[in-house]
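Peer 1: Provided herewith is a single structure, encoded as structure tokens, for subsequent inquiry.
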Number of protein chains: 2
Amino acid sequence: MTELPRYLQLLWGREPEGRRGPKPGRTIEEIGAAAVAIADRDGLEAVSMKSVAQAVGFTTMSLYRYVDSKEELTAVMLDLAYGPPTFRYPRRSTWRKRITLWAKEIATVRLARPWSVELAQGGPPLTPNALSWTERGLEALAGTPLTSQERLSALLAIDVWGQNHVRLSTQMGLVGRSDPDRVEVSWFGLILRVVDKERFPHLLTAGAESLDDADEDFFEEEFERGLGLLLDGIAALIARQS
Amino acid sequence: MTELPRYLQLLWGREPEGRRGPKPGRTIEEIGAAAVAIADRDGLEAVSMKSVAQAVGFTTMSLYRYVDSKEELTAVMLDLAYGPPTFRYPRRSTWRKRITLWAKEIATVRLARPWSVELAQGGPPLTPNALSWTERGLEALAGTPLTSQERLSALLAIDVWGQNHVRLSTQMGLVGRSDPDRVEVSWFGLILRVVDKERFPHLLTAGAESLDDADEDFFEEEFERGLGLLLDGIAALIARQS
DNA sequence: TGCCACTGTGTATGCCGCAAGCAGTTATTA
DNA sequence: TAATAACTGCTTGCGGCATACACAGTGGCA
């Protein structure tokens, strides 16, 4: 069993006792917050070891006293972007209402920090805030007959879907109310120039019909559609276990 | 309406007529295939404009005659990694069986190219093979009462979930049969060192129970779990529309 | 109390990657 | 036939990540 990575030691307050040497000039939270501020203002590509170091009054290489790599820095950033979950579940609410709230809160956090969905994904959650959100998701499913594996599996599916929804909506410029005639036209309009009816009959039909039914607010309506589908799947599973 | 990006023109065979100048020395497929071969052999980080150029007998900057950026090169790589869908749906099969096959085939492709799930996602599908897979997914849902938006939404949810499943399983070293006592122990064992029962009661319970019920083959069993949930959701939607 | 190992910061440096710009050659169009 | 667009190689600039080391500060131990 190897030692905890440095950044996790720091984030969790789990440093070994009796560290010698000068006291650190900054906390890992300060460093992460500086990186988040840069990403918020100038986008993810503006976050470099150098820009972050400058923002906290260090020189570049001192950051490696807190994180071993830039990848670890981005993990810290994501944890800070998430922050602790502060919402409350209504009293006596159904699991469905609670999970819906959980998913909406996550999407809100992600939307406030669009750069967070562009970060490379580095594995399962390990940081304090990320795990706090997992805990809140499990709390929402408390009292259901699902096994633990089924609970974790369901939360993962919703989380992954939600991230992708934010990312795709952002990339397509479809966050917020939009002209129904313009919704998805950038994607469909583009593929219309290359696909032929012989090879892509279903796609052409689906695309045209989607334009007819175009959402007034793609982000919100597709959120309901996709989350509804996932919740229905969970409901079916619960019904089978009852 | 702007011009099609160069790489899409090339991939779709949609170049304007009458291009002057020397004939290109390579096709975009050849360049993409060289990049895929490098990624297969040495991993994604070994793919640089330089290494790809060398592999096809060019110098670095000539690649920009085919793609405008490295990002476009990775889109070409992904399309080639997918290849055209070659599977067949059984005659008279249910939508559920067809979608299951579709999802499994995608996962197989992704598993054969684990680097493909690490690529940054650049928006909705635009390339020939990627769109062919979408077409096959729509074909699997033909005959169901779902609207086109619901169909696209369902396919997207499954695709996204499948990619994440491959990525996470690969990152956690959980592809193929494994010692049940070791499954997820790397993740849970790690968080056990930092989480406390007061703050994370549900997580600790879920983790311990998951270890008790540990899968013999995490990848396969979690695939069934997660896909089952999504399919149940689609089934509920279909039942409501019937 | 003094010595020494460990730790925090700055500095110097190396290597690599992406891509703008230009020169020379090739093939099509006017 | 001349002009022009397109293909390739070459040059170059800039920025980023991270190894290694010097110096100063702090705690553990004899």
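The values are calculated or read from the model by the stated rules, or taken from the named source; none is laboratory data. All of these numbers come straight from a predicted model, not from anything done at the bench. Please note: Cβ atoms are built from the backbone with ideal geometry, for glycine as well, and neighbour counts cover all protein chains shown. In case anyone asks, the SASA skips ligands and DNA or RNA and just uses the protein heavy atoms, side chains included. Shrake-Rupley method; radii C 1.70, N 1.55, O 1.52, S 1.80 Å.
Peer 1: Among the residues of the stretch B:111-124, is any out of contact with any Leu (no Cβ under 7 Å at 6 or more places or on another chain), open to solvent by less than 20 Å² (accessible area, probe 1.4 Å) and polar (S, T, N, Q)?
Peer 2: Scanning the stretch B:111-124 turns up no residue that is out of contact with any Leu (no Cβ under 7 Å at 6 or more places or on another chain), open to solvent by less than 20 Å² (accessible area, probe 1.4 Å) and polar (S, T, N, Q).
Peer 1: If the requirement is being at pLDDT 95 or above, β-branched (Val, Ile, Thr) and within 15 Å of DNA strand D (Cβ to nearest atom), which of these qualifies: B:VAL52, B:VAL47?
Peer 2: On the way: B:VAL47 fails: within 15 Å of DNA strand D (Cβ to nearest atom).
That would be B:VAL52, the only listed residue that is at pLDDT 95 or above, β-branched (Val, Ile, Thr) and within 15 Å of DNA strand D (Cβ to nearest atom).
Peer 1: In addition: Between B:ASP213, B:ASP196, which is more than 20 Å from B:LEU155 (Cα to Cα), more than 9 Å from every other protein chain (Cβ to nearest Cβ), open to solvent by 30 Å² or more (accessible area, probe 1.4 Å) and free of Cβ contacts under 8 Å to residues at least 40 places away in the same chain?
Peer 2: Of the residues listed, the single one that is more than 20 Å from B:LEU155 (Cα to Cα), more than 9 Å from every other protein chain (Cβ to nearest Cβ), open to solvent by 30 Å² or more (accessible area, probe 1.4 Å) and free of Cβ contacts under 8 Å to residues at least 40 places away in the same chain is B:ASP196.
Peer 1: Determine which member of the set A:SER116, A:SER93, A:SER48 is among the hydroxyl-bearing types (Ser, Thr, Tyr) and within 16 Å of DNA strand C (Cβ to nearest atom). Quick ask: steps written out before the conclusion?
Peer 2: Details: A:SER116 fails: within 16 Å of DNA strand C (Cβ to nearest atom); A:SER93 fails: within 16 Å of DNA strand C (Cβ to nearest atom).
Answer to the check: A:SER48.
Peer 1: What are the residue pairs meeting all of these: first residue in the stretch B:138-155, first residue at positive phi, second residue in a helix (DSSP H, G or I) and surrounded by fewer than 23 Cβ atoms within 10 Å (Cβ to Cβ), Cβ atoms under 8 Å, and 6 or more apart or on different chains?
Peer 2: What qualifies is B:GLY143/B:TRP95.
Peer 1: A follow-up question, please. Within 10 Å of DNA strand C (Cβ to nearest atom) and away from chain A (no Cβ under 14 Å): does that describe B:SER69?
Peer 2: So B:SER69 does not fit the description; no.
Peer 1: Now a separate question. Can you pull out the residues in the stretch B:29-57 that are buried (at least 20 other Cβ atoms within 10 Å of the Cβ) and within 14 Å of chain A (Cβ to nearest Cβ)?
Peer 2: Across the stretch B:29-57, there are no qualifying residues.
Peer 1: Within the stretch B:72-92, restricting attention to residues that are more than 16 Å from DNA strand D (Cβ to nearest atom) and under 11 Å from B:GLY122 (Cβ atoms), which residue is nearest to the chain's Cα centre (by Cα)?
Peer 2: Kept after step one, since they are more than 16 Å from DNA strand D (Cβ to nearest atom), are these residues of the stretch B:72-92: B:74-75, B:77-92.
Keeping just the survivors that are under 11 Å from B:GLY122 (Cβ atoms) gives B:74-75, B:78.
Working: B:THR74: 13, B:ALA75: 12, B:LEU78: 8 Å.
Looking at the filtered set, the residue picked out is B:LEU78.
Peer 1: Go through (1) within 13 Å of DNA strand C (Cβ to nearest atom); (2) modelled with pLDDT of 95 or more; (3) under 23 Å from the mean Cα position of the chain (by Cα) and name the single condition B:ALA103 misses.
Peer 2: In the conditions (1) within 13 Å of DNA strand C (Cβ to nearest atom); (2) modelled with pLDDT of 95 or more; (3) under 23 Å from the mean Cα position of the chain (by Cα), B:ALA103 misses (1) alone.
Peer 1: Quick one: is A:ARG88 more than 16 Å from DNA strand C (Cβ to nearest atom) and among the charged types (D, E, K, R)?
Peer 2: yes
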